Structure formats: C-alpha cells, structure tokens
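To keep things clear, I will list the structure first and then write my remarks on it.
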Amino acid sequence: MSLFRRVVVISLAAGLACLLSVCESGSPAAPADPVPTELEGSWSGMNKDGIDPTFWTYTMTLDSIVIDGDGTIRCRGSFILDSTVVPKTITITIGEAADPAHTGKTIPALYHLSGNILEITANAPGSPRPASLSAAPVISLINNN
C-alpha cells in the first residue's frame, strides 16, 4: 500500500472513531428554549378592595414583566416564580420605573391562579413579602389572551 493510501485510511479510521465516540457519548444538548410560565400573557384588572381605582395591566413574557397602571407604564423588569410553595410566590425585580426610587428594588409577592383569574398580593417595592394572600391589597386580574 502506498504512503498516500495509508494516510487516507488512517485519516478515515480516525474520523470514524471520532464520529462513533460522539454518537456513543451523545453530542452536547442544544440549549433548551425558555419555557413559558403559567403566567405568560397579558392580564388586566383592579384591586379587589375597590379603594384603589387604578386599572392594572401586567404583561409577562418568559421572565420579563411590564406593569401598566391606567395606561402609564409603572415599571419594567424581570420576575421569578416559585410554584412549589403554598401560596405560590413571584419576585419582581424592577429594572426601570416611573418612580426612579423604585428602580433596582424587588417586589416579593404572592399569587393565586384559578383558571383565567390571577390574584397577586404585594407590599410596596423593597418591602417584605406578604405573609398570606389576604395580608396586603390584592389585585385581581383576568387573562386577556
């Protein structure tokens, strides 16, 4: 066998061995697409107590949120859900706010989802998470999707 053929055969064998090792070990998994949360979409409503007449719209996409009150964007940011605890929690991190004093603060809140009704209870930005769903004002929202 000529030197050229030996080099070709060795190269092919090495390539095949490399290919087989990748197939056996599995190629690295492609990054998973973000999974939509149960709160994904647009939600609109008002405080259940009727004292605050603000009409709220919460728009949530994957891990981002925009909170609008009476047609004015009050804040934009990100959120993390924990649906493994009872009551379920949502922690909103404010990235941009109409009130600059709120930028960078978190809103630790509780939520309850029943069908297309979402209830969220929270204290002011930077305050502790409410102890229960009835411990702070509750905003009742309906899914607009």
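The values are calculated or read from the model by the stated rules, or taken from the named source; none is laboratory data. Small disclaimer: the values here were computed from a predicted structure and weren't measured. Note that we place each Cβ from the backbone using ideal geometry, even for glycine, and neighbour counts take in every protein chain shown.
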Checklist outcome for this item: When (1) assigned to a strand (DSSP E or B); (2) at pLDDT below 95 are applied to ASP49, the one that fails is (1)
Next on the checklist: I'd like to check something: does the stretch 107-119 contain any residue that is more than 19 Å from ASP52 (Cα to Cα), under 20 Å from the mean Cα position of the chain (by Cα), surrounded by fewer than 14 Cβ atoms within 10 Å (Cβ to Cβ) and of a type in the set (Gly, Ala, Ser)?
Outcome noted: yes
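Give ASP63, ASP82, ASP68, ASP49 a once-over and let me know the one that is in contact with a strand residue (DSSP E or B) (Cβ under 9 Å, 6 or more places away or on another chain) and in contact (Cβ under 8 Å) with a residue 40 or more places away in the chain.
On the way: ASP63 fails: in contact (Cβ under 8 Å) with a residue 40 or more places away in the chain; ASP82 fails: in contact (Cβ under 8 Å) with a residue 40 or more places away in the chain; ASP68 fails: in contact (Cβ under 8 Å) with a residue 40 or more places away in the chain.
Within the list ASP63, ASP82, ASP68, ASP49, the selection yields ASP49.
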Next on the checklist: I need the full set of residues from the stretch 80-116 which are within 23 Å of ASN144 (Cβ to Cβ) and charged (D, E, K, R), in order please.
Outcome noted: LYS88, GLU96
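For every residue, the table says whether it meets (1) in a strand (DSSP E or B); (2) touching a Ser or Thr at 6+ places or on another chain (Cβ under 8 Å).
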residue	(1), (2)
ILE90	yes, no
ILE94	yes, yes
PRO108	yes, yes
LEU113	yes, no
THR121	yes, yes
PRO125	no, yes
LEU141	yes, yes
